[in-house]
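Remarks on the structure that follows.
The values are calculated or read from the model by the stated rules, or taken from the named source; none is laboratory data. Model, not experiment: these values are computed from the prediction. For neighbour counting, all protein chains shown are included, and Cβ atoms are generated from backbone atoms with ideal geometry for every residue, glycine included. For accessibility, only protein heavy atoms count, side chains too; no ligands or nucleic acids. Shrake-Rupley method; radii C 1.70, N 1.55, O 1.52, S 1.80 Å.
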Amino acid sequence: RPRVFSGIQPTADSFHLGNYLGAVRHWVALQDTHEAFYCVVDLHAITAGHDPAVLRQRTRVAAAQLFAVGIDPDRSALFVQSQVPEHAQLAWVLGCITGFGEASRMTQFKDKSQKQGSDRSSVGLFTYPILQAADILLYQADAVPVGEDQRQHLELSRDLAQRFNSLFGPTFTVPAPHIVKDTAKITDLQEPTAKMSKSSSSPAGIIDLLEDPARSAKKIRSAVTDTGREIVFDTATKPGVSNLLTIHSALSGRSIDDLVAAYAGRGYGDLKKDLGEVVREFVTPIQERTRAYLDDPAQLDKLLAAGAEKARAVTAPTLRTAYERVGFLAPV
Ligand code: TYM
């Protein structure tokens, strides 16, 4: 079976609908066809300042949500990045074949470091995409399900795999992005041309999986919509309405065409009201299951330890091979 790897940061108290629709729901689906490795990337989550107790809690909440939406610990490995030491170890080697200019061109780094100022942004923020490449290459992943915003980082992962292979001999699978267009960029409810983002959106622009669905419904009612009154799907001229239709379609399983036909002659208010209901029905059982996992942290930690063990069965031999190819002495 082909392999799939992906990761998500524990940098908020909840995942938002962009995370779920752009990436995580594909993680769930790919378990049927792939050997799957999914990672809560806590090493990535300390690149911009954090509180230790909050990080620990968010790491568990992230894992609980992933189990709650359907990551199956019997079929897949779900684990925490810092519990698999090979990630950090391979990242060093890859950093040594990455150009300084090449890393400087990563747009997420440029955006974030510009916002923070170069003296306040960390070297970890700069090398972040190299650690991401290590994550992926360690598993010899064939496919990496992510949202559109990760495309450039995946391109770097591919480049580094190819470069390592040509410098030291065939070692890593060159991974392909798995970006499903329809929901690859869920947008901010208040600013429907920008992506929904935990770091840049205001709370009113984000729907969190774990928030009170009454609050979500209220945010949807206040979502910025477009001029005109017709409910049509056109991301260029009607980004707000199109985003609501995209979310509705992905959660309800009804096609966009079907929805557009059903709302013909009706107003934005009807769509928003119905979408609030669709979100409530979707998140309610997820919230219950998440709570159940969090109610038993010892059991949750056990599941994660088992995931890390499955991961290490793959990463230890990969790292050993990579170290040997680079010219390091055999491990003692
Ligand atoms: P992160 O934690 O920011 O986001 C997790 C996933 O959610 C997707 N996503 C979105 N998709 C559609 N619309 C949106 N508005 C939206 N916002 C976020 C992201 O594309 C991502 O797939 N660098 C990664 C984490 C990572 C990783 C990896 C991913 C670390 N190592 C290895 C893949 C493979 C990140 O910050 O994702």
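Residues of the range 178-193 that are surrounded by fewer than 18 Cβ atoms within 10 Å (Cβ to Cβ) and within 12 Å of Glu148 (Cβ to Cβ): Val180, Lys181, Asp182. Scanning the range 144-168 for residues that are without any contact (Cβ under 8 Å) to a residue 40 or more places away in the chain, more than 10 Å from the ligand (Cβ to nearest atom) and open to solvent by 60 Å² or more (accessible area, probe 1.4 Å) yields Glu155, Arg158, Gln162, Ser166. Remark: pairs (first residue in the range 1-17, farther than 19 Å from Ser82 by Cα; second residue open to solvent by 40 Å² or more (accessible area, probe 1.4 Å) and at pLDDT below 95; Cβ separation under 8 Å; 6+ apart in sequence or on different chains) = His16/Lys198.
So which residues in the range 197-209 are in a loop (DSSP other than H, G, I, E, B), within 12 Å of the ligand (Cβ to nearest atom) and over 21 Å from Ala63 (Cα atoms)? Matches in the range 197-209: Ser200, Ser201. A residue that is more than 13 Å from the ligand (Cβ to nearest atom), in a helix (DSSP H, G or I) and either under 23 Å from Ser14 (Cβ atoms) or touching an Asp or Glu at 6+ places or on another chain (Cβ under 7 Å) (or both) cannot be found anywhere in the range 169-183.
For the range 275-296, what are the residues that are in contact with a helix residue (DSSP H, G or I) (Cβ under 7 Å, 6 or more places away or on another chain), touching a residue at least 40 places away in the same chain (Cβ under 8 Å) and open to solvent by less than 60 Å² (accessible area, probe 1.4 Å)? The answer is Leu275, Gly276, Val279, Val283, Thr284, Ile286, Thr290, Leu294.
Residues considered: Val28, Val4. Of these, the only one that is assigned to a strand (DSSP E or B) and either in contact with a Phe, Trp or Tyr (Cβ under 7 Å, 6 or more places away or on another chain) or open to solvent by less than 50 Å² (accessible area, probe 1.4 Å) (or both) is Val4. Residues that are assigned to a loop (DSSP other than H, G, I, E, B) and open to solvent by 20 Å² or more (accessible area, probe 1.4 Å) were ranked within the range 10-25; the one that is nearest to the ligand (Cβ to nearest atom) is Thr11.
Checked against the criterion of being more than 9 Å from the ligand (Cβ to nearest atom) and modelled with pLDDT under 95, the candidates Gln31, Gln114, Gln83 yield just one match: Gln114. Right, Ala141: within 12 Å of the ligand (Cβ to nearest atom), over 30 Å from Glu309 (Cβ atoms), surrounded by 17 or more Cβ atoms within 10 Å (Cβ to Cβ) and modelled with pLDDT of 95 or more or not? It is false that Ala141 is within 12 Å of the ligand (Cβ to nearest atom), over 30 Å from Glu309 (Cβ atoms), surrounded by 17 or more Cβ atoms within 10 Å (Cβ to Cβ) and modelled with pLDDT of 95 or more.
Restricting the range 210-241 to residues that are in a helix (DSSP H, G or I) and hydrophobic (A, V, I, L, M, F, W, C), the residue that is farthest from Ala45 (Cα to Cα) is Val241. Hey, any hits in the range 194-209 for a residue that's over 19 Å from the mean Cα position of the chain (by Cα) and open to solvent by less than 20 Å² (accessible area, probe 1.4 Å)? Looking through the range 194-209, none of the residues is over 19 Å from the mean Cα position of the chain (by Cα) and open to solvent by less than 20 Å² (accessible area, probe 1.4 Å). Counting just the residues of the range 249-278 that are of a type in the set (Lys, Arg) and more than 21 Å from Ala184 (Cα to Cα), which one comes out nearest to the chain's Cα centre (by Cα)? In this case the residue turns out to be Lys272. Among the residues of the range 112-135, none qualifies, meaning not one is part of a loop (DSSP other than H, G, I, E, B), within 19 Å of Asn19 (Cα to Cα) and of a type outside the set (Phe, Trp, Tyr).
Filtered by the rule that a residue be open to solvent by 40 Å² or more (accessible area, probe 1.4 Å), among the charged types (D, E, K, R) and touching a residue at least 24 places away in the same chain (Cβ under 8 Å), the range 95-126 gives a lone residue, Lys112. Among the residues of the range 117-133, those identified as aliphatic (A, V, I, L, M) and within 13 Å of the ligand (Cβ to nearest atom) are Leu125, Ile130, Leu131, Ala133.
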